[in-house]
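Novice: Please see the structure below; I have some questions.
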């Protein structure tokens, strides 16, 4: 039998969060038994249909780069330097929906001032993900770049809904990480994510990030406290 490649810590975190939410929903003992049986049925179906592929996804392949200056040109898109005058309104619009507001892990009512602080700080490095026809679809960023300890916080967002879930964010993030290690000479890149976001955890682990811990009630979104999962990636 093939051994699971998912770290035990990740499985424990996901289980803990489901259990916490199910208690709030009102689960009883017999509800957990039903849940486990249904979950096993889904797992069996996945195993039997593991050859199904998403044809809408872009092909994420390694591309050789002679230098790591911006813009970074890839097969499907560019990563360009963020232009505050031209790009601020686009980013602000992307952050207005329920998906985009998590880019800064902040309350919707306070995004304006936080966004200004983000864009005006010399410690932040921001790149726009732009299609070959110059259509912007997302953003990647290093926040709080620490020149002494050579570390920074990674943020990413595909702001245009129809381009989410097709591999653009993953590929852009992959090369943004390479930019951080090769150009900015970072030794560590870390990120924070809402620990119940299974998709984000899986994507981050595929890129080499490891779970470092949970920051309990670290942020407040829409007046509700949330735990934050901290993940890190080392250059070596």
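Novice: Could you run through the range 44-75 and say how many residues are in contact with a helix residue (DSSP H, G or I) (Cβ under 7 Å, 6 or more places away or on another chain), closer than 20 Å to residue 137 by Cα and modelled with pLDDT of 90 or more?
Specialist: Residues in the range 44-75 being in contact with a helix residue (DSSP H, G or I) (Cβ under 7 Å, 6 or more places away or on another chain), closer than 20 Å to residue 137 by Cα and modelled with pLDDT of 90 or more: 2 in total.
Novice: How many of the residues in the range 148-166 are under 12 Å from the mean Cα position of the chain (by Cα), over 16 Å from residue 233 (Cα atoms) and crowded, with 18+ Cβ neighbours inside 10 Å?
Specialist: Looking only at that region, the number is 2.
Novice: Would the range 198-207 turn up any residue that is more than 12 Å from the chain's Cα centre (by Cα) and surrounded by 15 or more Cβ atoms within 10 Å (Cβ to Cβ)?
Specialist: No, because not a single residue in the range 198-207 is more than 12 Å from the chain's Cα centre (by Cα) and surrounded by 15 or more Cβ atoms within 10 Å (Cβ to Cβ).
Novice: Looking only at the range 7-19, which residues are surrounded by 11 or more Cβ atoms within 10 Å (Cβ to Cβ) and modelled with pLDDT of 85 or more?
Specialist: Correct list: 18, 19.
Novice: Name the residues in the range 73-91 that are closer than 17 Å to residue 157 by Cα and either touching a residue at least 60 places away in the same chain (Cβ under 8 Å) or surrounded by 16 or more Cβ atoms within 10 Å (Cβ to Cβ) (or both), would you?
Specialist: 76, 77, 78, 79, 80, 82, 87, 90, 91
Novice: Check residue 107 against each of (1) surrounded by fewer than 15 Cβ atoms within 10 Å (Cβ to Cβ); (2) at pLDDT below 70; (3) assigned by TED's automatic domain parsing to the domain that holds residue 179 and name the one condition it does not meet.
Specialist: (1)
Novice: Also, I was wondering about something else. Specify which of the listed residues (138, 180, 159, 127) is out of contact with any helix residue (DSSP H, G or I) (no Cβ under 8 Å at 6 or more places or on another chain), closer than 23 Å to residue 81 by Cβ and assigned by TED's automatic domain parsing to the domain that holds residue 82.
Specialist: Result: 180 is the single residue among 138, 180, 159, 127 that is out of contact with any helix residue (DSSP H, G or I) (no Cβ under 8 Å at 6 or more places or on another chain), closer than 23 Å to residue 81 by Cβ and assigned by TED's automatic domain parsing to the domain that holds residue 82.
The values are calculated or read from the model by the stated rules, or taken from the named source; none is laboratory data. In this text the structure is predicted, and so the values were computed from the model without any measurement. Backbone-built Cβ (ideal geometry, glycine too); neighbour counts: all protein chains shown.
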